[in-house]
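One structure is given here, and the rest of the page talks about it.
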Amino acid sequence: MSATRGFDRISQAGKVPAPDERTQILVVGGGPAGAAAAIEAAKAGGSVMLVDENPVGVGLMALDTPLYFGGRFTNAVQTQARMVEQILASSPLLEAAFEAGVDVRLGTYVWGAFTPGWGLASLPESLAGLADEERAWMVGFNRLILATGARDVAFAFRGWDQPGVMGARAFEALTSRYDAFSGRRLVILGTGELAIETARAALSRGLLVEAVVDVADAFQGDPSAAAELAAAGVEILLGHVPVSAPSGLEGIEGLTLSDHATGATRTLPCDTIIEAISLTPVIELLDVLGGAIAPAPRLGGHAPVTSDGTATSLPNIFIAGDVAGAPGGASMGEEAAIASGRRAAQAVLASLGHEVRPEVSTVVESDFDALAYQMAWARALMSDPDVVICQCEEVSRAALTEVRPPGYLGPPSPAQAKRDLASLLEDGPANQDQIKRLTRACMGPCQARRCREQVALTLACASNVAPADVPLAGYRAPVRPLPLNVLADWDESPEIARHWDVWMGIPGQWTPYDDIGTEREALSAGILGEGGHA
């Protein structure tokens, strides 16, 4: 019988410094849901911090982070003070949060969140990693509300990598929050609720909407909306597939379409193509935290597992707004988002011992299968295998399905040449993390915000499986592409820094496992020296 194992004297346990700041309730996301949650929580008198990454720095916007901006922002985004004023002016709830005593942080990114547990037992408490353009720091919290929203699902066709091809959620941000949209003449992809709302918003701003386009043969939204758009002069093109977007000096200049039935092509003049096909919940922080996530076809992708729309599988982590799941792969709307935020705050307050009277959910359920709709678009675009679907790493559809190594490594070896998706499928479902390592698809600086979903859909098409059967590609911190000098701006304690060179000095790195906690560990330590290395 082995001796009782002792405490690892050179582990991280007890040495992680206390966070720079702490708050009782941390809310991530300053949209209607997050702001409403912060206000509701602040009414109870506790300390509440609301963090929102807007205004996003122009460097991240150029990487299409956090939204698919497509280079259609004006120079106004480079003036940070102006952008802050614009966001406050367009978001009355943020002003109300200030007045309610919420500690509001704008232009601040949450690059990671962590709770003590397996692999993180050394943490002093639950922590969130924050950063701005100059520094990074840690904030401790008792409860966390994720109101991170939803983001655009992008699809690739020739020319989609040129300025002017963007997402619906990014269009909404540039027009309603930033007032910094540079386009004038639009074509909108999709005919569901997301596309309809995008077209209405564009028309209300005096923009010209040439057409709404769908690969489906039927209009996906309310038929009365089709009549409304037609009456506004918007052409409705069904059964058409985007082929290419010819471009000039300032970006795209049109969209060439192919008619499914006849094969005939035509080119629509435009300076902006808005992909308003579907949204998917922004789950990256919950995934980093280790929260339960599952495929949700009606919500447009993987979504948090929740019993009531506010709770997660983690006792101190809650969700609100579109990240909780907006029906039909669209958005739940401002009124429903505010109600969702309030319910999340009430759930948090109840978990802290407050008496609350929870509101009833106002989210209207939808039977629309957003994943099936995304799959229809993916299948329609599969006919062009040479289109690059991962812009950062220049991975084409063919390179993905043939599991080719990155081009800069030279021609594949004979063994690599024999490998393809079919050979990988012999071992089980196509795994997006495995494909990422073999092809580098989704490994670029945009952190797969342009390609994550369409890579999974492409794998589903090539494997002839449902998109929900493709395993979720895991997220890792940092969930925002931050400069290393910012991310590294964290002072380790001397006790941690002392042993960093041997993976925090874990004895099992060099000492036989059965020797740890016995008299033989001292012998190993003596050989290795105080620094824990030979």
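The values are calculated or read from the model by the stated rules, or taken from the named source; none is laboratory data. These numbers come from a predicted model, not from an experiment. Cβ coordinates were reconstructed from backbone atoms using ideal geometry, including for glycine residues, and neighbour counts include every protein chain displayed. In case anyone asks, the SASA skips ligands and DNA or RNA and just uses the protein heavy atoms, side chains included. Shrake-Rupley method; radii C 1.70, N 1.55, O 1.52, S 1.80 Å.
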Centroid-to-centroid separation of the range 456-480 and the range 299-375 [C-alpha atoms, Å]: 23
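Under 8 Å for C-alpha pairs, at least 6 residues apart: give me the relative contact order for the chain, rounded to a whole percent. Walk me through the numbers on the way to the answer.
Details: 1129 pairs, mean separation 92.7, N = 534.
Relative contact order, the chain: 17 percent.
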Cut-off 11 Å between beta-carbons: net charge of the residues surrounding ALA460, Lys and Arg +1, Asp and Glu -1: -1
Carbon/sulfur fraction of accessible area - the chain, other protein chains in place, 1.4 Å, %: 53
Around CYS270: net Lys/Arg minus Asp/Glu count, Cβ-Cβ under 14 Å: -2
Intensity falloff of the range 194-334 expressed as log10 I(q)/I(0), Debye formula with alpha-carbon point scatterers, at q = 0.09, 0.22 Å⁻¹: -0.39, -1.25
From phi via Karplus (6.51, -1.76, 1.60), per-residue ³J(HN,Hα) for the range 325-332 in Hz, x at Gly/Pro: x, 8, x, x, x, 10, 10, 6
Two-decimal log10 I(q)/I(0) for the range 366-464, as the Debye equation yields it once each C-alpha is a single scatterer, q = 0.11, 0.13, 0.15, 0.17 Å⁻¹: -0.32, -0.44, -0.58, -0.74
Gyration tensor (alpha-carbon) shape descriptor, the range 138-218, a/c threshold 1.5: prolate
Cβ crowding within 10 Å averaged over residues, with 314-321, 422-429 ranked highest first: 314-321, 422-429
DSSP H segments from the chain that extend 20 Å or more along their own axis, Cα-based, with Kyte-Doolittle mean of -1.0 or above: 334-351
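Quick check on the chain: helices-only [θ] at 222 nm, where DSSP H runs of length 4 and up contribute -39,500 (n - 2.57) each and the sum goes over total residues. Nearest 500, please. Each step should come with its number before you reach the end.
Numbers: 18 runs with 150 residues, N = 534.
The per-residue figure over the chain is -7500 deg cm²/dmol.
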Heavy-atom accessible area per residue - the range 352-501, 1.4 Å, Å²: 54
Formal net charge of residues neighbouring ALA18 (Cβ-Cβ distance under 12 Å; K, R +1; D, E -1): -2
Span from the the range 194-220 Cα centroid across to the the range 26-79 one, whole angstrom: 26
Distance histogram in 5 Å bins (all Cα pairs of the range 299-399, percent per bin): 2, 12, 16, 17, 13, 10, 9, 9, 6, 4, 2, 1
Kirkwood Rh in Å, taken over the range 180-236 so that all alpha-carbon pairs contribute: 11.3
Spread of Cα-to-Cα distances over 10 Å intervals beginning at zero, given as percent, for the range 335-379: 24, 28, 23, 17, 6, 0
Built amide H within the under 5 Å cut-off of CYS390, gap 5+: VAL395
